[in-house]
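*Asks:* Dropping the structure in here first, questions after.
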Amino acid sequence: MPRSGLNASAGGSLPPAITRDPHPGLVRRVLHGLYDCMWLLAAVLGSPWLLWRSHTRPGFGAIVLDRLGRGVGKVPRRGQKQRVMVHGVSVGEVKGALPIVREIERTRPDLEVVISTSTETGREVARVVFPDHIVVNFPVDLTFVVRRFLRRVDPSAVVLVELEIWPNFLRIANRMGVPVAVVNGRITADSFRSYRWFKGLLPQFNRISLFCAQGREYAQRFLQLHVEPERVIETGNVKADGLSIGRVTPSSELMRLLGPTEGQLVFVAGSTHPGEEHLLLAAAAKVLPGWRVIVVPRHPKRASDLSTELKAAGLAVQRLTAMRSGEAPDPSLPAMVDTIGELEGVYGLADLAFVGGSLIPRGGQNMLEPAAQGVAVLTGPFLDNFTQEARFLQSAGALEILEQPCDLEASLARLGADEALRRKMGVAGMAATRAQQGAARKTVEALQQTCLPGR
């Protein structure tokens, strides 16, 4: 059985880091060569789409070139401090990395932390969350690209937030003697099925030195992928450590532009995905009359097209950027936050929150954020990516999960009319989130034993 933390292990000890290739030999070399060829073939066949995407989406081409190695040459050579690279795929993982980075820097000031991410929005958020750190784009998984990337960044250890594993990256890290750890580890049911199918073709999980799993269910899935039991521990969800318990005070500007009128209640729909905004705004207009309604799309770059679509559907919204440019705020109209990094402050305005990515099969988004602020939280039924968070918030009485999307109006109406219930859910959400804190400390203790370089 996986351990619940270091204290439950034999003497608190963990196996040594993996610093060599556990799969040498010609067969694996051929498999990785074929894997490289597949990448190159995909690049050739996909080049028309890549060119079109680069032309129609500003910044996309630069991201592709950087991930192919163009930008890594600008990374400063490391000085006397050894480096640890912490990687988060996109926005959620980058924000989730903050408690880990803080704890590493608190306990190991002799180390330099470099942040890596894979997406444009992830990079933008990383530069806000980690303004004093080097931020790099994770490489495309081609052997020669990965090798150049690791030689230039020169990490002594790599820490992957949640789960981001690529065969060539892991193989080259092994060969260069760079230990790799997964922290805040989770593996969805769909991903688990895929990994079970391919695990014999390109072994990946036994190249990783340590798995710090969010909970028992995820730890069991790692074990079923033939990870050594001694390398799997349960440390909890580090995202809870990155959250302040209690209301976040929005900036004076957000209060002026998005705040309610006296006596007006606020409904926030956060991290929404395509297809959800229409449903949420239509339902709120019907069952939450008089409320200040704010929608925060997961990807702000959709805002222009989305605003046009909503207007055509009779659901006109005011964009935050337009109000910042001089348009007078109208609290009787729904507002759209079309900027990055302001959701926490917007949740600080909320009396009731809906967390998106859950009315459609996208796996949900992080419902801990509003719950930590004492906001009653509602979400849809599609929560494959956040099953653990949803389970403990629901059991604490802090979260209501729709059985099906068509229940949205009824649940909004009931929660909107019951102030006492909203208050009770908010108190429960703060208590449940506080109870989850402490994972970052356990995680870094484990990293100290296995992956972080000696003093």
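*Asks:* Which one of these is assigned to a loop (DSSP other than H, G, I, E, B) and touching a residue at least 24 places away in the same chain (Cβ under 8 Å): GLY416, GLY374?
*Replies:* Testing whether each residue is assigned to a loop (DSSP other than H, G, I, E, B) and touching a residue at least 24 places away in the same chain (Cβ under 8 Å) leaves just GLY374.
*Asks:* So which residues in segment 308-337 are part of a helix (DSSP H, G or I) and either in contact with a helix residue (DSSP H, G or I) (Cβ under 7 Å, 6 or more places away or on another chain) or touching a residue at least 40 places away in the same chain (Cβ under 8 Å) (or both), if there are any at all?
*Replies:* Restricting attention to segment 308-337, the residues satisfying the condition of being part of a helix (DSSP H, G or I) are 308-312, 320-324.
Once the filter is applied, which keeps residues that are part of a helix (DSSP H, G or I) and either in contact with a helix residue (DSSP H, G or I) (Cβ under 7 Å, 6 or more places away or on another chain) or touching a residue at least 40 places away in the same chain (Cβ under 8 Å) (or both), segment 308-337 yields LEU310, LEU320, MET323, ARG324.
*Asks:* Can you name every residue in segment 259-279 that is under 25 Å from the mean Cα position of the chain (by Cα) and surrounded by fewer than 23 Cβ atoms within 10 Å (Cβ to Cβ)? Break it down stepwise before answering.
*Replies:* To start, the set of residues in segment 259-279 that are under 25 Å from the mean Cα position of the chain (by Cα) comprises 267-279.
Passing the criteria: HIS273, PRO274, GLY275, HIS278, LEU279.
*Asks:* Count, please, the residues in segment 166-198 that happen to be out of contact with any Lys or Arg (no Cβ under 8 Å at 6 or more places or on another chain) and of a type in the set (Val, Ile, Thr).
*Replies:* Residues meeting the conditions: 4.
*Asks:* Of PHE149, PHE144, which residue is part of a helix (DSSP H, G or I), surrounded by 17 or more Cβ atoms within 10 Å (Cβ to Cβ) and among the aromatic types (Phe, Trp, Tyr)?
*Replies:* On the way: PHE144 fails: surrounded by 17 or more Cβ atoms within 10 Å (Cβ to Cβ).
Checking each option against the conditions leaves just PHE149.
*Asks:* Condition (residue is β-branched (Val, Ile, Thr) and crowded, with 16+ Cβ neighbours inside 10 Å) applied to segment 382-399: is it met by at least one residue?
*Replies:* If we filter segment 382-399 for residues that are β-branched (Val, Ile, Thr), which is where we start, we get 387.
Pick out the ones that are also crowded, with 16+ Cβ neighbours inside 10 Å and you get 387.
Yes.
*Asks:* Let me ask another. For ARG171, all conditions in the list (1) crowded, with 24+ Cβ neighbours inside 10 Å; (2) charged (D, E, K, R); (3) under 19 Å from the mean Cα position of the chain (by Cα) hold save one; what is the number of the exception?
*Replies:* Tallying (1) crowded, with 24+ Cβ neighbours inside 10 Å; (2) charged (D, E, K, R); (3) under 19 Å from the mean Cα position of the chain (by Cα), ARG171 fails exactly one: (3).
*Asks:* Given the residues LEU254, LEU281, which is the only one that is assigned to a helix (DSSP H, G or I) and closer than 22 Å to LEU368 by Cβ?
*Replies:* Working: LEU281 fails: closer than 22 Å to LEU368 by Cβ.
Answer to the selection: LEU254.
*Asks:* Then there is this: How many residues are under 19 Å from ALA353 (Cα atoms) and surrounded by 14 or more Cβ atoms within 10 Å (Cβ to Cβ) if we restrict to segment 232-245? Talk me through it step by step, then tell me what you get.
*Replies:* Residues of segment 232-245 under 19 Å from ALA353 (Cα atoms): 239-240, 243-245.
Retained after the next criterion (residues that are surrounded by 14 or more Cβ atoms within 10 Å (Cβ to Cβ)): 239-240, 243, 245.
The qualifying residues number 4.
*Asks:* Quick one: is VAL113 surrounded by fewer than 24 Cβ atoms within 10 Å (Cβ to Cβ), at pLDDT 95 or above, outside any helix (DSSP H, G or I) and in the same structural domain as LYS95 (by TED's automatic domain parsing)? Explain how you work it out, then say what you get.
*Replies:* Working: surrounded by fewer than 24 Cβ atoms within 10 Å (Cβ to Cβ): yes; at pLDDT 95 or above: yes; outside any helix (DSSP H, G or I): yes; in the same structural domain as LYS95 (by TED's automatic domain parsing): yes.
Spelling it out, VAL113 is indeed surrounded by fewer than 24 Cβ atoms within 10 Å (Cβ to Cβ), at pLDDT 95 or above, outside any helix (DSSP H, G or I) and in the same structural domain as LYS95 (by TED's automatic domain parsing).
*Asks:* Here is a further query. Might you let me know whether segment 323-343 holds any residue that is in contact with an Asp or Glu (Cβ under 6 Å, 6 or more places away or on another chain) and surrounded by 18 or more Cβ atoms within 10 Å (Cβ to Cβ)?
*Replies:* Of segment 323-343, the ones in contact with an Asp or Glu (Cβ under 6 Å, 6 or more places away or on another chain) are 340.
Keeping just the survivors that are surrounded by 18 or more Cβ atoms within 10 Å (Cβ to Cβ) gives none.
Checked against the condition, which is being in contact with an Asp or Glu (Cβ under 6 Å, 6 or more places away or on another chain) and surrounded by 18 or more Cβ atoms within 10 Å (Cβ to Cβ), segment 323-343 yields no hits at all.
*Asks:* Would you be able to tell me the number of residues in segment 34-62 that are in contact (Cβ under 8 Å) with a residue 60 or more places away in the chain and in a helix (DSSP H, G or I)?
*Replies:* As a first pass, look at segment 34-62 and keep what is in contact (Cβ under 8 Å) with a residue 60 or more places away in the chain: 35-36, 39-40, 57, 59-60.
From what's left, in a helix (DSSP H, G or I): 35-36, 39-40, 60.
Of the residues in that region, 5 qualify.
*Asks:* Between a residue in segment 346-363 that is touching a residue at least 60 places away in the same chain (Cβ under 8 Å) and closer than 20 Å to LEU320 by Cβ and any residue that is among the polar types (S, T, N, Q) and part of a loop (DSSP other than H, G, I, E, B), which pairs come within a Cβ distance under 9 Å, given they are 6 or more apart or on different chains?
*Replies:* TYR347/GLN373; GLY348/THR249; GLY348/GLN373; ALA350/GLN373; ALA353/GLN373; VAL355/GLN365; VAL355/ASN366; GLY356/GLN365
*Asks:* Among GLY73, GLY69, GLY79, which is surrounded by fewer than 14 Cβ atoms within 10 Å (Cβ to Cβ), in a loop (DSSP other than H, G, I, E, B) and not charged (D, E, K, R)? Lay out the reasoning, then the answer.
*Replies:* Numbers: GLY73 fails: in a loop (DSSP other than H, G, I, E, B); GLY69 fails: surrounded by fewer than 14 Cβ atoms within 10 Å (Cβ to Cβ).
Just a single option satisfies the conditions, and that option is GLY79.
The values are calculated or read from the model by the stated rules, or taken from the named source; none is laboratory data. Note that the structure is predicted; figures quoted are calculated from it, not measured. Cβ: placed from backbone, ideal geometry, glycine included. Neighbour counts: every protein chain shown.
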